[in-house]
Amino acid sequence: MNFYAIRAIYINELGRTWRTLFQSIASPVISTALYFVVFGSAIGSRMQAIDGVAYGAFIVPGLILLTVLTESVSNASFGIYLPRFIGTIYELLSAPISALEVLVGFVGAAATKSVILGLIIFGTARLFVPFEVAHPVLAFGYLVLISMTFALFGFILGLWADGFEKLQIIPLMVISPLTFLGGTFYSIDMLPGVWRQVALFNPIVYLIEGFRWTFYGISALTPLISLGLTFGLLVLCSAVVVWIFKTGYRLRS
């Protein structure tokens, strides 16, 4: 394992975050803070508690994942697309480093940025609504797992996209809507029977419910199912990335 190569890629990707601090960190935090002001403080004070949890606190896990999912995909996709766009990807492919080392560097940096952002949003939420985390270690571990999974997905997206417009299609048109409809602001048990069954086809539902369980010990779904689905997505994305490096799809064209 070439740790020097991994460190170089990792530090370079993290450095891009500090060079674009407002876009990378400040902007998502400000947007999420507005959600807490509107839904947590203003509307939340008029809403009934859900499963014994105050509404403002209930939406915290969903709002954290709303940002973490989109940022994981966006950071990883842009990180690998930019070398393809400017042509430096060929220098990377010709360097004496393996596909695994490239993947660890890019995905590790994207996941790290998402975890840091999730922790910042967690701290921001505490300024607006009071809440306690029932399983803090599990919550952090699950946050890392989700960040890695969607960073891998973003890496695939960055290889697939042939223009900057396509980099935004999936985060804006797929990830964000599915997160909003995945129980961010409500429990799927509140949905009528038919619509609850429809919601179960949304994979983000399982992620939010599992993450919410680590916070409050409540979930509309079995936490082990949520964990299993997350691992399944991680394995699937890893298999796709391995296939891409073996075939050279979008890497050499």
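Relative contact order for the chain: what percent, with Cα pairs under 8 Å and sequence separation of 6 or more? Walk me through the intermediate numbers first.
Values: 299 pairs, mean separation 65.8, N = 253.
After rounding, I find 26 percent.
Let me know the whole percent of all Cα-Cα pairs from the chain that are separated by more than 30 Å.
Working: 9014 of 31878 pairs.
It works out to 28 percent of all Cα pairs.
List the residues whose amide H sits under 5 Å from the amide H of residue 50, counting only those 5 or more places along or on another chain, with H placed 1.01 Å from N in the peptide plane.
Residues meeting the criterion, in which the H sits 1.01 Å from N, are 55.
How would 9, 218 line up from fewest to most surrounding beta-carbon atoms within 10 angstrom?
On the way: 9 23, 218 16.
Final ranking by Cβ density, sparse to dense: 218, 9.
What's the ranking of 151-164, 71-84, 131-144 by average number of surrounding C-beta atoms within 10 Å, highest first? Walk me through the intermediate numbers first.
Values: 151-164: 21.6, 71-84: 24.3, 131-144: 15.6.
Answer by packing, highest mean first, reads 71-84, 151-164, 131-144.
Report the gain in length on full extension from residue 99 to residue 16: 0.36 nm times residue separation, minus Cα-Cα distance, nm rounded to one decimal. Please report the intermediate quantities before stating the final value.
Working: separation 83, 0.36 × 83 = 29.88 nm, distance 2.17 nm.
27.7 nm is the gain from fully extending residue 99 to residue 16.
Which of the helices in the chain, when you take each full DSSP H run, stretch at least 30 Å along the axis at their Cα atoms and have an average Kyte-Doolittle score of 0.5 or higher?
Working: long enough: 60-86 (39 Å, 1.18); 99-128 (43 Å, 1.70); 136-160 (36 Å, 2.02); 223-247 (36 Å, 1.93).
TM-like helix candidates: 60-86, 99-128, 136-160, 223-247.
Readers should treat all values here as calculations from the given coordinates under stated rules, not as data from a laboratory. As the structure is a computational prediction, the values presented were derived from the model and not from experiment. Please note: Cβ atoms are built from the backbone with ideal geometry, for glycine as well, and neighbour counts cover all protein chains shown.
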